[in-house]
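Here the structure comes first, spelled out in structure tokens, and everything after it is commentary.
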Amino acid sequence: MRLAGVGPYRCAAVTAAVCAERPDWIVLAGIAGCYPESGVKVGECVLVETERTADVGSFSEGTFTDKFAARYGCPYVEKFSRWPLVASNSVSAAASPFVRRDGVQIENMEGAAFFRVCKEFGIPFLELRSLSNRVGDPFAQWEVGRATEELARALVSLLELIRQS
């Protein structure tokens with residue numbers, strides 16, 4: 001097990017190092033925020049089916065344009081659909097209020113980097129997220145303790161399912 005920490009750069013570096021060891025599987029597990037209108041709720045665990053690099057672009061006259069957005073898919077999630085499957089935006093905190101939210105249910109910082117590196121190495125991967133907050137909620141309202149407890153339980157189950165596959 002390796003800990004990547006928060007953010008896409010740390011995640012990409014650790015993911016590349018792990019992928020270079022040619023594991024059978026790699027799992028990114030962490031917390032995320034859900035969009036209020038998404039249909040998923042704080043306290044749930046989800047598997048991420050797609051990640052979009054939502055904040056790679058520029059501002060002009062107060063408007064954000066996602067010039068280099070990419071969407072990456074995970075071809076392995078259907079086999080493990082015990083949890084809801086969701087689409088996610090990968091964003092930095094600064095751009096979060098400005099990104100497109102169409103067709104996505106959650107938001108995190110690391111997922112797109114993780115998907116991209118795993119695809120480059122050809123390593124089977126999954127991303128498991130526990131929802132700690134609604135996007136836009138102040139940090140003091142996040143339910144990090146509850147989310148990490150749920151994440152730990154779901155991760156044990158997911159690892160057992162992977163082992164059995």
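The values are calculated or read from the model by the stated rules, or taken from the named source; none is laboratory data. These numbers were taken from a predicted model, which means no experiment stands behind them. Note that we place each Cβ from the backbone using ideal geometry, even for glycine, and neighbour counts take in every protein chain shown. These area figures cover heavy atoms from the full protein model, side chains too; ligands, DNA and RNA do not enter into them. Shrake-Rupley method; radii C 1.70, N 1.55, O 1.52, S 1.80 Å.
Descriptive notes on the structure:
- Förster radius 30 Å - calculated FRET efficiency between ALA13 and PHE64, Cβ distance, rounded to 0.05: 0.65
- Label-point separation in nm, LYS79 to GLN141, each point 7 Å along Cα→Cβ: 4.0
- Structure-derived Cα extents along the principal axes in Å: which label, when the choices are (1) 46, 38, 30; (2) 52, 32, 26; (3) 45, 29, 25: (2)
- The chain - mean residue ellipticity at 222 nm from DSSP helices (-39,500 (n - 2.57) per run, n ≥ 4, rounded to 500): -9000 deg cm²/dmol
- Simple spin-label estimate for ASP102 and GLU21 in nanometres, 7 Å along Cα-Cβ: 4.2
- Comparing GLY111, GLY62, GLY122 in a Gaussian network model of the chain where C-alpha atoms under 10 Å apart are linked, the largest mean-square fluctuation is found at GLY62.
- To put it simply, the accessible area of the chain at a 1.4 Å probe is 55 percent carbon and sulfur.
- To the nearest ten degrees, helix 8-20 and the longest principal axis of the Cα atoms of the chain are 20 degrees apart.
- Across segment 79-90, rounded Karplus estimates of 3J(HN,Hα) from the backbone phi angles (6.51 cos²θ - 1.76 cosθ + 1.60, θ = phi - 60°) give 5, 10, 7, 5, 9, x, 9, 10, 9, 10, 9, 9 Hz, Gly and Pro being marked x.
- Relative to the longest principal axis of the Cα atoms of the chain, helix 144-164 runs at roughly 40 degrees.
- Angle in degrees between helix 111-121 and the longest Cα principal axis of the chain, rounded to the nearest 10: 50
- Largest GNM mean-square fluctuation across VAL18, VAL48, VAL86, computed for the chain with C-alpha springs under 10 Å, falls on VAL18.
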